[in-house]
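Colleague: Structure provided below as structure tokens; questions to follow.
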Amino acid sequence: MAKSSITEAKSITAEAILKLGQFYSAQELRGMQSKLTGAAREVRALTGNKGLISRIGELLTHEQRQLLCDAASLVESVNANLEHAKEKRLRDEKAAAVRLKERDLQAKQLVSESFPLPCDTPEQMLEVIHLGLTLNHARAFQCFYSPWEFSQKLRQSATLPPQTKPFRNDWGLEKELKNQASYLRDDIRRELTDLLAHDIDNMSVKDKHAVLQAKIAEIRTRVLEQETETLGVWATALASLEKREGE
């Protein structure tokens, strides 16, 4: 009984391993298994009957060789429990992947329904700009820019001086503004989908969507008042396109 307790790692359970290695993937645990398997094999080789390693082991006493056998058995016991931990982690990862795929599909649907964001008319393009500003203020979009930096970026995209863009004309300006609005629209949809699908706070996609919509409604008017300059720059640029089209 005493020998069994020495060679069996009863305290190293799959649950204990996963708690200690909570950030290790199934693949990383598999790598640890390979190392333990190799270690046990090398130790057992000292007590075997083939090769130089075993011949060296023959120089050890019987008690020492038995100690090596016990050590190899202990390593193998740890490895067996690691196998259980790896399998459990693998099941958890597969379940998480399925859950993430479901959340991603649900998020895409909600974003598509709530933010269709067409970019065909100047009014629609200006609405995309306003939404981008609102989401940035809400820290739900391109948070690597502060609200001031994001405003400057949008303002610059509509007011670059002609000399920085050779051959810029009305047609070029129209194409550029539509491209900028379209790119912003696509980025908004992509980031909002990722935001809603992400399962870090244990909230459902619908609940996160409701929180986001409430935040947009809460600050929309305030952002409109604070970002009059940026929206005005875009409104002026877009108005020039409307004027040209009406001529």
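Colleague: Output the direction-averaged projected area (hull surface divided by four) of the convex hull of the alpha-carbon atoms of the range 2-97, in nm².
Modeller: For the range 2-97, the mean projected area of the Cα convex hull comes to 7.0 nm².
Colleague: While we're on this one: Can you compute the helix-only [θ] at 222 nm over the chain? Use -39500 (n - 2.57) per DSSP H run of at least 4 residues, normalise by all residues, nearest 500 deg cm²/dmol.
Modeller: Values: 10 runs with 191 residues, N = 247.
Theoretical 222 nm ellipticity from helices: -26500 deg cm²/dmol.
Colleague: Among PHE141, PRO122, SER112, whose Cα projects farthest towards the positive end of the dipole of the range 79-163, with charges put on the beta-carbon of Lys, Arg (+1) and Asp, Glu (-1)?
Modeller: PHE141
Colleague: Another question about this same structure. Ordered by residue, what ³J(HN,Hα) values in Hz, to whole numbers, does the range 54-67 give under the Karplus form 6.51 cos²θ - 1.76 cosθ + 1.60, where θ = phi - 60° and Gly and Pro are x?
Modeller: Working through the residues one at a time gives 5, 5, 5, x, 5, 6, 7, 6, 4, 5, 5, 5, 5, 4 Hz.
Colleague: The range 115-246: Rg/Rh from Cα coordinates, Kirkwood Rh?
Modeller: Radius of gyration relative to Kirkwood radius: 1.01.
Colleague: Where does each of 194-204, 79-89 land if you order them by average Cβ count within 10 Å, highest first?
Modeller: 79-89, 194-204
Colleague: Starting from the alpha-carbon convex hull of the chain, give the projected area averaged over all orientations, in nm².
Modeller: Directional mean of the projected Cα hull area for the chain stands at 22.9 nm².
Colleague: OK, next. Work out the length of the dipole vector of the chain about its Cα centre, built from +1 on the beta-carbon of each Lys and Arg and -1 on the beta-carbon of each Asp and Glu, and round it to the nearest 20 debye.
Modeller: 1040
Colleague: Counting only chymotrypsin sites (Phe, Trp or Tyr not before Pro) that sit in a DSSP loop (anything but H, G, I, E, B) with at most 14 other Cβ atoms within 10 Å, what is the longest stretch of the chain containing none of them?
Modeller: The longest uninterrupted stretch comes out as 24-143.
Colleague: Next question. When Lys and Arg each count +1 and Asp and Glu each count -1, what net charge do the other residues less than 15 Å away from LYS88, Cβ to Cβ, add up to? Intermediate values should be presented prior to the final figure.
Modeller: Working: positive: LYS19, ARG30, LYS86, ARG89, ARG91, LYS94; negative: GLU15, GLU28, GLU83, GLU87, ASP92, GLU93.
It works out to a net charge of 0.
Colleague: I would also like to ask the following. Return the whole-Å distance between the Cα centroid of the range 64-108 and the Cα centroid of the range 177-247.
Modeller: A separation of 43 Å, based on Cα centres.
Colleague: Here is a further query. For PRO147, what is the net charge nearby, where nearby means another residue's Cβ is under 12 Å from its Cβ and Lys, Arg count +1, Asp, Glu -1?
Modeller: +1
Colleague: If you don't mind, there's one more thing I want to ask. If you plug each phi of the range 139-156 into the Karplus form 6.51 cos²θ - 1.76 cosθ + 1.60 with θ = phi - 60°, what whole-Hz ³J(HN,Hα) values come out, in order, with x for Gly and Pro?
Modeller: 6, 10, 8, 6, 5, 6, 9, 6, x, 5, 5, 5, 4, 4, 4, 5, 5, 5
Colleague: Put +1 on the Cβ of each Lys and Arg and -1 on the Cβ of each Asp and Glu in the chain; which of VAL98, SER151, ALA39 then has its Cα farthest toward the positive end of the dipole?
Modeller: So the residue we want is ALA39.
Colleague: Something else now. Per residue of the range 188-201, what does 6.51 cos²θ - 1.76 cosθ + 1.60 with θ = phi - 60° give for ³J(HN,Hα)? Whole Hz please, x for Gly and Pro, Karplus curve as stated.
Modeller: 4, 4, 5, 5, 5, 4, 5, 4, 6, 6, 5, 10, 7, 10
Values quoted throughout were computed directly from the atomic coordinates according to the rules given, and no laboratory measurement underlies them. All of these numbers come straight from a predicted model, not from anything done at the bench. Positions of Cβ are backbone-derived with ideal geometry, glycine not excepted, and every protein chain shown enters the neighbour counts.
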